[in-house]
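What follows is a single structure, written as structure tokens, with notes after it.
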Amino acid sequence: MSRVGKKPIPIPKGVTVECAGPAVKVGGPKGNLAWSVPAPIRVTIEKDQVVVQRPDDLARNRALHGLSRALIANMVKGVAEGYRVALEIYGTGYSAKVEGKTLLINVGFMGRGVGKKAQFEIPIPAGIEVKVDVPAARGNNEPAKFSINGADKQAVGQMAAEIRKIRKPEPYLGKGIRYAGEHVRRKAGKVFAGGAGAGG
């Protein structure tokens with residue numbers, strides 16, 4: 001990680017980075033992020049680059065050096081370009097839509113939607129945007145599609161993971177919530193034993 005930590009982080013056009021003691025603030029077209037760098041790591045700005053330094057070669061400080069550099073690089077990329085995680089929902093009648101700052105998801109749980117707009121009403125955190133491309137699934141082959149977008153890589157990934165946990169894809173028909181492009185290993189359906197020879 002120490003070799004990674006030594007690489008300066010270029011500051012793209014339109015992005016600002018401010019360092020005041022351990023506090024690092026990064027701003028850009030996709031938002032603003034802040035983080036406190038752990039001691040004894042030091043961050044400075046030199047010639048439109050962020051430089052992350054450690055005081056010695058102790059194992060702990062080498063690890064913190066690489067980690068700090070990686071997190072700040074993620075912040076710079078996040079405010080400049082943003083992060084996106086695409087999700088798909090497979091299953092007849094399964095759906096996703098956004099109302100205000102709430103993501104509404106229906107994934108076939110009987111009774112949970114009674115008296116509510118949807119079976120699951122998920123608050124959308126500040127700094128996160130949810131875009132629905134295809135609101136409803138058609139059978140098990142044409143999924144509903146939506147994406148989680150934001151400047152904070154960790155927040156985007158965490159929200160996507162929490163949503164996927166609501167109904168992980170089952171192994172027979174693949175119904176449930178999965179990441180776009182995720183391969184679901186299918187199991188063969190149960191077959192009645194001796195069916196071929198029944199009735200002699």
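Say whether the condition of being farther than 30 Å from Val37 by Cβ and assigned to a helix (DSSP H, G or I) is met by at least one residue in the stretch 83-94.
no
Pairs under 7 Å by beta carbon, first residue closer than 19 Å to Glu81 by Cα and assigned by TED's automatic domain parsing to the domain that holds Asn74 in the stretch 21-32, partner of a type in the set (Asp, Glu) and modelled with pLDDT of 95 or more, six or more apart or different chains?
Every condition considered, the pairs that remain are Lys25/Glu18; Lys30/Glu81.
Scan the stretch 99-147 residue by residue and report those that are farther than 18 Å from Gly174 by Cα, in contact (Cβ under 8 Å) with a residue 40 or more places away in the chain and of a type in the set (Val, Ile, Thr).
Ile122
Could you check the stretch 57-74 and list, in sequence order, the residues that are over 17 Å from Ala20 (Cα atoms), in contact with a Lys or Arg (Cβ under 9 Å, 6 or more places away or on another chain) and of a type in the set (D, E, K, R)?
The one that is over 17 Å from Ala20 (Cα atoms), in contact with a Lys or Arg (Cβ under 9 Å, 6 or more places away or on another chain) and of a type in the set (D, E, K, R): Arg62.
Is it true that Ile89 is surrounded by 13 or more Cβ atoms within 10 Å (Cβ to Cβ) and without any contact (Cβ under 8 Å) to a residue 60 or more places away in the chain?
So Ile89 does not fit the description; no.
Only one residue in Lys77, Lys7, Lys47 is modelled with pLDDT of 95 or more and either surrounded by fewer than 16 Cβ atoms within 10 Å (Cβ to Cβ) or within 24 Å of the chain's Cα centre (by Cα) (or both). Which one?
Lys77
Anything in the stretch 21-31 that is over 20 Å from the mean Cα position of the chain (by Cα) and over 10 Å from Val76 (Cα atoms)? List them, or say none.
Those that are over 20 Å from the mean Cα position of the chain (by Cα) and over 10 Å from Val76 (Cα atoms): Gly21, Pro22, Ala23, Val24.
Quickly run through the stretch 35-55 and pick out the residues that are touching a residue at least 12 places away in the same chain (Cβ under 8 Å) and either of a type outside the set (Val, Ile, Thr) or not assigned by TED's automatic domain parsing to the domain that holds Pro12 (or both).
Result: Trp35, Ser36, Pro38, Ala39, Pro40, Arg42, Glu46, Asp48, Gln49, Gln53, Arg54, Pro55.
Quick check on my filter: what residues within the stretch 48-87 are among the charged types (D, E, K, R) and in contact with an Asp or Glu (Cβ under 7 Å, 6 or more places away or on another chain)?
Selection gives nothing.
Of the residues that sit in the stretch 32-61 and are among the charged types (D, E, K, R) and assigned to a loop (DSSP other than H, G, I, E, B), which one is nearest to Met75 (Cα to Cα)?
In this case the residue turns out to be Asp48.
Could you say whether any residue in the stretch 145-166 is over 19 Å from the mean Cα position of the chain (by Cα), crowded, with 17+ Cβ neighbours inside 10 Å and outside the structural domain of Lys13 (by TED's automatic domain parsing)?
No, there is no match, as no residue in the stretch 145-166 is over 19 Å from the mean Cα position of the chain (by Cα), crowded, with 17+ Cβ neighbours inside 10 Å and outside the structural domain of Lys13 (by TED's automatic domain parsing).
The values are calculated or read from the model by the stated rules, or taken from the named source; none is laboratory data. Please read all numbers here as calculations on a predicted model, not as lab measurements. Note that each Cβ is placed from the backbone with ideal geometry, even for glycine, and that neighbours are counted across all protein chains shown.
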